[in-house]
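The values are calculated or read from the model by the stated rules, or taken from the named source; none is laboratory data. Since the structure is predicted, the reported quantities are computational estimates derived from the model, not experimental observations. All Cβ positions, even for glycine, are placed from backbone atoms using ideal geometry, and neighbour counts span all protein chains on display. Please note that ligands, DNA and RNA were not included when accessible areas were found on the heavy atoms of the full protein model with its side chains. Shrake-Rupley method; radii C 1.70, N 1.55, O 1.52, S 1.80 Å.
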Amino acid sequence: LCFSALPALFKEELRDEEAEEGEAVTLRCELTKPAPVEWKKGHRALKPSEKYKMKQKDVTAELVIHSVTERDA
């Protein structure tokens with residue numbers, strides 16, 4: 001018997017968020033099943049730092065961007 005598991009899909013996709021320069025903004029997505037999420041800006045993977053905080057609980061993943069600047073758009 002051979003089968004392949006269905007991949008995790010986006011149940012709720014990212015929405016555009018607005019923030020004033022210097023504020024923090026939270027981006028959130030929901031998956032159809034628990035799976036690791038890699039946050040990227042263009043082709044560059046984001047890493048946890050003072051600027052970027054990543055949280056994931058079950059099927060919900062969040063990225064908090066601190067001290068937002070124009071370059072974060």
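Averaged per residue, what accessible area in Å² does the chain show with a 1.4 Å probe, protein chains only?
Value returned for the chain: 84 Å² of accessible area per residue.
What are the GluC sites (Glu not before Pro) within the chain that DSSP puts in a loop, where the Cβ has at most 12 other Cβ atoms within 10 Å?
Counting only loop positions with at most 12 other Cβ atoms within 10 Å, the GluC sites (Glu not before Pro) in the chain are Glu13, Glu17, Glu18, Glu20, Glu21, Glu23, Glu38, Glu50.
Ordering Asp16, Asp58, Asp72 by how much accessible area each has at a 1.4 Å probe, largest first, what is the list?
From most exposed to least exposed: Asp16, Asp58, Asp72.
Please report the orientation-averaged projected area of the chain, defined via the convex hull of its C-alpha atoms, in nm².
Result: 6.0 nm².
Between Asp58 and Glu20, what is the label-point separation in nm under the 7 Å Cα-to-beta-carbon projection?
For Glu20 paired with Asp58, the spin-label model returns 3.5 nm.
Straight-line reach from Lys51: which aspartates and glutamates have a Cα under 12 Å away, not including same-chain ones fewer than 8 places off?
Candidates past the 8-residue exclusion: Glu23, Asp72.
May I ask you to evaluate 6.51 cos²θ - 1.76 cosθ + 1.60, the Karplus curve with θ = phi - 60°, for each residue of the stretch 35-49 and list the ³J(HN,Hα) values in order in whole Hz, giving x for glycine and proline?
7, x, 10, 10, 8, 9, 10, x, 9, 8, 6, 8, 10, x, 7
Hey, any idea what % of the chain's accessible area is carbon plus sulfur with a 1.4 Å probe?
52
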